[in-house]
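See below for the structure under consideration.
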Amino acid sequence: MKRSNKIALACIGLFIGASMLSSCTASFCSVNDKAHMLYVLDYGVTAYYDAEYAANNPEANLTKLDGFNNIYYDVSFDNCPTLKTVIFNAKDTSGLVIPSLDYYKKLDELVLNRAIELSALENNWTADDIKNLTVEQITGDRGVLDTYGYLKFADSDIEDSPRGREALWDNWDKLNEQIRKSSDVTIYDCPTNDFVNFYKREMNNNITAYRSCIATKDGYYGYYGKVDGTFTGEIEIEGKSWGYAWNKGFLEGLLIYPIGWLIDTMTLGMLNSGVPSGVAQILGILFITIIVRAIMILFTFKSTAANAKLNNLQPEIAKIQAKYPNANKSQNEKMRMGDEMNKLYKKHGVNPFSSLLTMFIQFPIFICVWGALSGSALLSTGNFLGLNLSESISSVLFRASSWTAAGGYAGITALVLFLLMAGSQVVSMLLPQWMQKAKQKKISRLGRNPAKKSQDNKMKWFTYIMMIMIIAMGFSLASGMGVYWFIGAIVSVGQTLITQKVMESKKKGKK
């Protein structure tokens, strides 16, 4: 196999490896976080209305809710689009027997009763207070169901356990057992085991994509569920500790949580200072990028300086290569040229493979930064010019509503961000080659060297493939990662120019 093909395959393998590693970073979402996500997708088939609405819409045929003075309801699968989709996929696609509407009505009743019970304890409600609850208090923002509806899926005292995903469904299983023993429904109304397995699998798949659960304190964050292509709103996410992060994994504790903590702390500080939501998140990413890049510069300064030295040695390298024009054909010439090149590198203290050190350091840091940005609960809250930073650029661009006024023209923002990110990556990665090419123009042609030309072509292909890989990943990963890469590319350009200037100054000083 040709060496150029090997390099291409290595780059493709690196891309696949990066994708696999990024998907293997642990989710910080706790059982209760996932229960909140599930509830915004499946909040039940019961819709609640006040007495005024019931009086003005007699054709709706609403039923008064027992035990309440001012609340009416109706039940329909149309009231919960995600649940309706899952149910009818089970029936039409998989041929399963689906539960009846009476079953879901009973399930909603049990969830509401439990939520009211806990709300009454928290707020010291009397029996009269409960009878006079309004629809807004039941279903409104931070209302009874918004606060406690997640208990449909998990107990409030359940924490992540070795049982993992099964613990998430403990309460749902208990409620189903209670319904089976109830006289209000028959055994034929209840879900079969096949339907239960199908339902759990589909709902788990619906929430798998949502990873934005890194928060330093309890609060309402982000947009975690879509209904008909529209985000449902914020949900409560538990605050996570550093110890929780270490339990998730080594990189999670070492880098991902600290980076997420910095984003959270800086962004919250700016929000509390009056900085608008969206702008605060962008500034948080800006500061994180500068901090991370500064740390990387400290670790890779020697290799960066070595690369600059290598560029300055191009005139001497060209002279050596010109002495051996047949190095690509003659093994003897190739060995002699290699000996002279090694002596030159040793004389100036240059390691031509030092750039590999930079890649080995950058790769895990890239994975951890991605994990922190995609996992930050605060970055999923609010938006910048209509763009939610926890969404991928690709998903925004391909969603029709992103290009309408109702969608806040998020598509335009995503497109501009992608172009800026891609353009800055092209400049930052090709700038060293452009600078080297400019220097070589000053070098007199000492003869053609096929070996040199072949080596240059391989390096160009390597750079191009790496550049395409980063742009492709920036397109598919969270938009916040696109912001990070754009700012990081600007920093890289500045670092390259400053390093080159310093090396030239040192060279002139020696002369």
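The values are calculated or read from the model by the stated rules, or taken from the named source; none is laboratory data. Every value quoted in this text rests on a predicted model; they were computed, and no experiment measured them. Here the Cβ is made from the backbone with ideal geometry for all residues, glycine too, and neighbour counts use every protein chain on show.
Rundown of residues vs (1) assigned by TED's automatic domain parsing to the domain that holds PHE250; (2) crowded, with 21+ Cβ neighbours inside 10 Å; (3) out of contact with any helix residue (DSSP H, G or I) (no Cβ under 6 Å at 6 or more places or on another chain); (4) more than 19 Å from MET473 (Cα to Cα), yes/no style:
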residue	(1), (2), (3), (4)
THR381	yes, yes, yes, yes
SER394	yes, no, no, no
THR404	yes, no, yes, yes
LEU415	yes, no, yes, no
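Of LEU96, LEU107, which residue is part of a helix (DSSP H, G or I), assigned by TED's automatic domain parsing to the domain that holds PHE195 and either charged (D, E, K, R) or at pLDDT 90 or above (or both)?
On the way: LEU96 fails: part of a helix (DSSP H, G or I).
After ruling out the rest, the residue left standing is LEU107.
Looking across ILE179, ILE158, one residue alone is in a helix (DSSP H, G or I) and either at pLDDT below 95 or of a type in the set (Val, Ile, Thr) (or both). It is ILE179. Restricting ALA115, ALA54 to residues that are in a helix (DSSP H, G or I) and more than 35 Å from the chain's Cα centre (by Cα) narrows the list to ALA54. Against the numbered list (1) assigned to a helix (DSSP H, G or I); (2) buried (at least 19 other Cβ atoms within 10 Å of the Cβ); (3) not acidic (Asp, Glu), ALA47 comes up short only at (1).
I'd like the full set of residues that are of a type outside the set (S, T, N, Q), modelled with pLDDT under 70 and surrounded by 12 or more Cβ atoms within 10 Å (Cβ to Cβ), limited to the range 331-359. Correct list: PRO352, LEU357, MET359.
Total residues in the range 215-239 satisfying the condition of being touching a helix residue (DSSP H, G or I) at 6+ places or on another chain (Cβ under 7 Å), under 24 Å from LEU145 (Cα atoms) and either crowded, with 19+ Cβ neighbours inside 10 Å or modelled with pLDDT of 90 or more (or both): the figure is 10.
Give the residues of the range 72-93 that are of a type outside the set (Ser, Thr, Tyr) and part of a loop (DSSP other than H, G, I, E, B), sorted by residue number. Outline the logic, then answer.
The initial filter retains those residues of the range 72-93 that are of a type outside the set (Ser, Thr, Tyr), namely 74-75, 77-81, 83-84, 86-92.
CYS80, the sole residue that qualifies.
Residues in the range 94-136 that are hydroxyl-bearing (Ser, Thr, Tyr) and touching a helix residue (DSSP H, G or I) at 6+ places or on another chain (Cβ under 7 Å) were compared, and the one that is nearest to SER182 (Cα to Cα) is TYR103. Within the range 498-511, residues that are under 13 Å from HIS348 (Cα atoms) and surrounded by 11 or more Cβ atoms within 10 Å (Cβ to Cβ) sit with their Cβ atoms under 8 Å from residues that are at pLDDT below 75 and small (Gly, Ala, Ser), at 6+ positions apart or across chains, in these pairs: MET503/ALA305; MET503/ALA308.
Number of residues in the range 182-197 that are modelled with pLDDT of 90 or more and surrounded by fewer than 12 Cβ atoms within 10 Å (Cβ to Cβ) equals 3. Screening ASN89, ASN69 for residues that are in contact (Cβ under 8 Å) with a residue 40 or more places away in the chain, over 21 Å from CYS190 (Cβ atoms), surrounded by fewer than 16 Cβ atoms within 10 Å (Cβ to Cβ) and in the same structural domain as ASP128 (by TED's automatic domain parsing) leaves exactly one candidate, ASN69. When the range 257-282 is limited to residues that are surrounded by 16 or more Cβ atoms within 10 Å (Cβ to Cβ) and among the hydroxyl-bearing types (Ser, Thr, Tyr), the one that is farthest from the chain's Cα centre (by Cα) turns out to be THR267.
Do we have LYS105 as within 19 Å of LEU41 (Cβ to Cβ) and either within 35 Å of the chain's Cα centre (by Cα) or of a type outside the set (Phe, Trp, Tyr) (or both) here? Against the criterion (within 19 Å of LEU41 (Cβ to Cβ) and either within 35 Å of the chain's Cα centre (by Cα) or of a type outside the set (Phe, Trp, Tyr) (or both)), LYS105 qualifies.
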